[in-house]
1. Need the failing condition index for B:Phe101 against (1) closer than 30 Å to B:Ser492 by Cβ; (2) of a type in the set (Phe, Trp, Tyr); (3) without any contact (Cβ under 8 Å) to a residue 60 or more places away in the chain, just the number.
2. As an exercise: evaluate B:Val441 against (1) open to solvent by 10 Å² or more (accessible area, probe 1.4 Å); (2) more than 21 Å from the chain's Cα centre (by Cα); (3) away from ligand 1 (no atom under 14 Å from the Cβ) and give the number of the one condition it does not meet.
3. Taking helices (runs of 4 or more DSSP H) that do not extend beyond chain A, which have at least 1 residues that are modelled with pLDDT of 90 or more and open to solvent by 70 Å² or more (accessible area, probe 1.4 Å)?
4. For region B:356-443, please list each of the helices (runs of 4 or more DSSP H) lying entirely inside it that holds at least 2 residues being within 18 Å of B:Ser297 (Cβ to Cβ).
5. Scan region B:309-334 residue by residue and report those that are open to solvent by 10 Å² or more (accessible area, probe 1.4 Å) and in contact with an Asp or Glu (Cβ under 8 Å, 6 or more places away or on another chain).
6. Output the number of residues of region B:261-292 satisfying the condition of being outside any helix (DSSP H, G or I), within 11 Å of chain A (Cβ to nearest Cβ) and crowded, with 21+ Cβ neighbours inside 10 Å.
7. Name the residue, out of B:Tyr311, B:Tyr369, B:Tyr273, that is within 16 Å of ligand 1 (Cβ to nearest atom) and hydroxyl-bearing (Ser, Thr, Tyr).
8. Any residue that is in a loop (DSSP other than H, G, I, E, B) and either within 26 Å of B:Gln82 (Cα to Cα) or modelled with pLDDT under 80 (or both) - is there at least one of those in region B:29-51?
Amino acid sequence: MAQHHDTHAPHGGDAHESHGSMKSYVLGFVLSLVLTAIPLILVLNDIVTGNAADVVLLVTAVLQFVVQLFFFMHLKEEKKPRYNLMVLLLGLVIVLTIVAGSIWIMKYNMVSH
Amino acid sequence: MKITKLSDFFVTGDPLIYGADVAIGLTMVAIVVALTAFKRWGWLWREWLTTVDHKRIGIMYVIASLLMLFRGGVDALLMRTQLALPDSMEFLKPDHYNDIFTTHGVIMILFMAMPLMFGLFNLVVPLQIGARDVAFPLLNSLSFWLFFMGAMLFNVSFVIGGSPEAGWLAYPPLSEKMFSPGVGQDFYIWGIQISGIGSLMTGINFIVTILKMRAPGMKLMKMPMFTWSVLSSCLTIILAFPILTVTLALLFIDRYFGAHFFTLDMGGNPMMYINLIWMWGHPEVYIVVLPAFGIFSEIVATFSKKRLFGYGSMVFALMSISVFSFFTWAHHFFTMGSGANVNAFFAVTTMIIAIPTGVKIFNWLFTMYKGKITFELPMLWTMAFIPCFVVGGMTGVMLSVAPADFQFHNSYFLIAHFHQVLIGGVVFGYFAGLYYWWPKVFGFKLNEKLGRWAFWLWNIGFYVCFMPQYVLGLMGMTRRVSSYSWDTGWWSWNFVSTIGGFLMGIGFLFQVWQILHSIKFMKRVKGDPWGGRTLEWSIPSPAPFYNFAITPKVEGRDDWWRRKELAAQGIQDPPPKYEPIHMPKNSGTPIVMSVFWFILGFGFVFDWLWLIIPGAIGIAGTMLYHSFNYDTDYYVTVDEIKKTEAKAGRVV
Ligand code: HEM
Ligand SMILES: [Cu+2]
């Protein structure tokens, strides 16, 4: 514990890294809500359908992801070695695999089509 | 669910279940009476239930998972008994058989292998890297209690409400409300979700611990191999478990709110579930086997008295597997009909990942080459693992040949394959680890003679049980059947297989006896009973609660071995200069919060709002309480360190 806590206030109220301001949190929250509302409204009311709907869903999902990373995960403020960044990149690879792989597998599924 | 009569709530009608009811009731009464009679409630609460000490949490994981191994094992033997009596429809009726294979699979993977693995993480990793605890000790305790409550929630289903019966991965449409209207499937979802949160947090906790809390001087490439394997396993955990959580959440939404993600109608598609669940499921098998590879590496080096051959290649193999395990998932559903391109791609990725796995076998063999090998129990299990895993791996490569898999799929060939890698790899590995680190944890070794009996029973039993199943698979016997007719010609192979199953059961009993015997005739050992190489062997056994009186300064791989060599040349460590040690305080928050999770889960299972609401309030309340609790840590004085060290026979 010793080497760990030397840099921390005892109860984990870490003071050494900035953790964003009220303004950035509120902004991030509002952006998340908007990005959630857009696809819901568009799809539930059948305003977009088919491929266009897929594109809207994917784009808003990706933007949502970016918002979360910058406003809540504080990606920019990390010190070296940038483990968060490394894991994030790996995570992106996995997410891409999940999405693209699923589309590929389901698209050519002879039983479902 | 509306309960109108007792049999809506309790499972009734089966003598096996009544027997279990009585056994559970009596055990609980016995525990309560014993705790009260010996005035041990306060002790239990202070020393164990609220502990944040990774060593004690590790012990609790091990105890819980061995109990689960017992239950999963009894389930297995019930099934094997039924399969040896093919036309008796009385022993296990088909739907009871469904309950049991589902429960067996879930328990063995999620409530036996996973927690036993977490137990070993906890017992070993902080000691191997010279840390005083994990990075987040309270979170660690919360992880344990969430696992425990999740496991209990899953386990009560067989006496209350009814077991799930859609297989260990709960494929829809069978697991949807339409085909599984009972509460069993909901117990499955909530049991796994609650313990899954714990698993994810453990993954995070150990990654941070390993990256941030190593003793000064221990560069990444100086870490012990077990620590590397834990890092790779945890990396896979944090990437894979969210997939499971989301998939089961979608299934829950289908069942609870009537959505149509995986239903047959209204645009749902069950195949999407199968696709998603295996994106977790395949990495999961690597999650549990990677730490076993780490264990074997430590043991082979120690008992060959040589440093591990090919350290760098081993690190590379472990870390690449943890990433590549994400690119093979479709080999679990070659027969689903995704077309030749998809199947060809995933067949190739599967064969490729066998390469780093195979490399490691050579690392171990070359480590042993010209070593002064001794065959104590940990080494014995390692020796048994190697041929077993090689054969299991090769049948795996056979399964990965997509066209051939149309024949093997869901047959007993598959059952034999995955039991061979799970038992021969994971279970043997964790057993080896338990035997190896047991003296570090408890301060005494386990009896060698009884251990050898258990070892041979397990090993002979294993081959007698599972080799016939490869044959049965090729003869066309499919998995998940509870009876078959005599003209299939399957009976004799099944009968032999059942004998093997019971041999393993007896092996387990020998291990229980071995533990009890070794406690009764306890022979204390010193800090380093095997001639170990890594830091955990540099401190007394059992380790003092603060682990290291002085944080070690690491200069090489196998640092303890290096220090022993220096000492042999007469170069001694400088006399210790103690400083107060900063430690986390015990806390009741994790267990209390986990009880509320249990209440919430139980409420959702029966759809009882009056239980869901207090559960949710309790969870939020404990979280809030903890956020405002600043009294979480303390210092151990130099005086107390000196006293503790002197008691452990150290020069102070
Ligand atoms: C004592 C040794 C064991 C025996 C005798 C045994 C026996 C069995 C049997 C008879 C089945 C059902 C086959 C069927 O009807 O489809 C089964 C399924 C299964 N077993 Fe084991 N088992 C053992 C240990 C384990 C271990 C250690 C694990 C995992 C770590 C495991 C994981 C599974 C899984 C995942 C299934 C599939 C369940 C399903 O079909 O949903 N087993 N086992
Ligand atoms: Cu797989």
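1. (3)
2. Looking at each condition in turn, B:Val441 falls short on (2).
3. Numbers: elements: A:2-5, A:22-44, A:50-67, A:83-107.
Here the list reads A:22-44, A:50-67, A:83-107.
4. Working: elements: B:377-399, B:402-408, B:412-421, B:428-442.
Fully inside region B:356-443 and qualifying: B:377-399, B:428-442.
5. Answer for region B:309-334, where residues must be open to solvent by 10 Å² or more (accessible area, probe 1.4 Å) and in contact with an Asp or Glu (Cβ under 8 Å, 6 or more places away or on another chain): just B:His331.
6. 0
7. Only one candidate passes the filter, namely B:Tyr273.
8. No, that holds for no residue.
The values are calculated or read from the model by the stated rules, or taken from the named source; none is laboratory data. Here the structure is a predicted model, which means the values were calculated and not measured. We place every Cβ from the backbone using ideal geometry, glycine too, and count neighbours over all the protein chains shown. Heavy atoms of the whole protein, side chains included, go into the accessibility calculation; ligands, DNA and RNA do not. Shrake-Rupley method; radii C 1.70, N 1.55, O 1.52, S 1.80 Å.
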